[in-house]
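In what follows, a single structure is set out as structure tokens and then discussed.
Coordinate-derived values only; no laboratory data. Values in this document were obtained by computation on a predicted structure and should not be read as measured data.
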Amino acid sequence: MTMATAADTALTASQTRREGPSLEAKLYAGIALFLALVIAATVTWGAVGLAMSALACVPVCYGAILLITIGK
């Protein structure tokens with residue numbers, strides 16, 4: 001390994017650290033957090049917590065269907 005190659009590798013590693021997590025990682029973390037909250041609500045309040053979680057998802061699903069219909 002030459003000095004130029006080592007410098008390029010170090011630069012690439014530092015750029016990767018500044019970029020942060022990818023979009024996929026953020027989406028998976030968000031889904032995991034949402035599922036943890038739904039599970040916690042279901043364990044705490046039973047079926048009512050699960051029903052309220054489903055009710056809160058209705059506008060989100062409606063928006064997703066509209067975006068799919070529009071084609072975005």
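Computed values, structure above
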{"quantity": "Per-residue ³J(HN,Hα) for the stretch 48-63, Karplus 6.51 cos²θ - 1.76 cosθ + 1.60, θ = phi - 60°, Hz, x for Gly and Pro", "calculated": "5, x, 5, 5, 5, 5, 5, 5, 5, 7, 4, x, 5, 5, 4, x"}
{"quantity": "Rounded to whole Å, sorted largest first: equivalent-ellipsoid semi-axes of the stretch 27-72, Cα gyration tensor", "calculated": "25, 14, 4"}
{"quantity": "For the stretch 32-42, Karplus couplings with θ = phi - 60° (6.51, -1.76, 1.60), whole Hz, Gly/Pro x", "calculated": "5, 5, 4, 5, 5, 5, 5, 5, 5, 5, 5"}
